[in-house]
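Data first, discussion second: the structure below is written as structure tokens.
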Amino acid sequence: MRELTRDDVNAAVKGGSVFASGGGGWVDHGLEIGHAALSIGRPKLLSVDELPDDAIILTCTAIGAPAGRDWQMLGKDYIKAVQLIIENYDGKIAGVMTPQNGMSSTINGWLPAAALGLAVIDATGDIRAHPTGKMGSLGLASSIDYETIQAVAGGKPEIGSYMELVVKGTPARTSNILR
């Protein structure tokens with residue numbers, strides 16, 4: 001385990017810029033969220049080898065339609081979404097990971113980790129931007145025996161588009177709701 005630093009933020013955003021091949025968010029947003037994480041706490045990076053086999057890890061992603069009008073992504077929304085999962089899961093969360101490496105998506109879980117005392121896990125989901133979607137979910141989308149808990153927080157309160165939502169069910173059903 002080691003503490004993430006300013007150099008790690010810069011390296012993660014730079015590396016995500018290459019691995020995402022033009023996707024995965026924006027450089028400025030990645031730097032903003034990464035530096036915000038360091039300003040409110042000291043997020044710790046853990047290898048999956050440092051976790052017990054039964055550790056629960058949240059995948060933190062940002063989904064939406066960036067080409068749409070009147071959208072926004074605030075750091076407090078990243079934190080709130082993780083809080084909603086913690087409040088609705090009957091167990092302990094060990095840490096957070098990203099679904100993909102990208103300019104800002106690599107940093108997705110760092111802010112909630114710093115704010116809520118969780119670890120950042122040195123792993124990616126299925127290397128896609130949409131673990132909640134039917135094309136992602138780590139291969140679990142077709143399983144009717146797997147229950148997922150997913151949360152969303154975001155939007156602009158000043159225009160009435162802010163919402164918070166928690167859904168439980170199969171990935172195929174919950175992803176339809178969140179999208």
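The values are calculated or read from the model by the stated rules, or taken from the named source; none is laboratory data. The model shown is predicted, which means the values in this text are computed figures rather than measured ones. Here the Cβ positions follow ideal geometry from the backbone for every residue, glycine too, while neighbour counts run over all protein chains shown. Protein only, heavy atoms only, side chains kept; ligands, DNA and RNA dropped before computing areas. Shrake-Rupley method; radii C 1.70, N 1.55, O 1.52, S 1.80 Å.
Taking the charge dipole of the chain about its Cα centre, with +1 at Lys and Arg Cβ atoms and -1 at Asp and Glu Cβ atoms, the residue from SER161, GLY30, MET1 reaching farthest to the positive side is SER161. Spin-label model, MET163 to LYS14: label points 7 Å out along the Cα-to-beta-carbon direction sit 4.0 nm apart.
Close amide H pairs (under 5 Å, H built 1.01 Å from N) link GLY125 with THR98, GLN100, residues at least 5 positions away or on another chain. Summing Lys and Arg as +1 and Asp and Glu as -1 over all other residues whose Cβ lies under 15 Å from the Cβ of TYR78 gives a net charge of -1.
Counting only DSSP beta bridges whose two residues both lie in the chain, roughly 45 percent are antiparallel. Using Cβ point charges alone (K and R +1, D and E -1), the dipole size of the chain about the Cα centre works out to roughly 420 debye.
Roughly what % of Cα-Cα distances in segment 26-104 sit above 17 Å, to the whole percent? When every Cα pair of segment 26-104 is considered, 56 percent fall beyond 17 Å. Counting charges near TRP110 (Lys, Arg +1; Asp, Glu -1) among other residues having Cβ under 13 Å from its Cβ returns a value of -1. LYS156 sits among other residues whose Cβ lies under 14 Å from its own Cβ, and their net charge, with Lys and Arg +1 and Asp and Glu -1, is -2.
The fraction of accessible area contributed by carbon and sulfur in the chain is 52 percent, rounded to a whole number (1.4 Å probe; ligands and nucleic acids excluded). In this structure, the pairs whose alpha-carbon distance is over 28 Å, taken from LYS44/LYS156; LYS44/LYS92; LYS14/LYS168; LYS92/LYS156, are LYS44/LYS156; LYS14/LYS168; LYS92/LYS156. With protein chains left intact and a 1.4 Å probe, residues in the chain average 54 Å² of accessible area per residue.
With q set to 0.10, 0.12, 0.15, 0.19 Å⁻¹, the log10 of I(q)/I(0) for the chain, from the Debye formula over equal scatterers at the Cα positions, is -0.36, -0.52, -0.84, -1.41.
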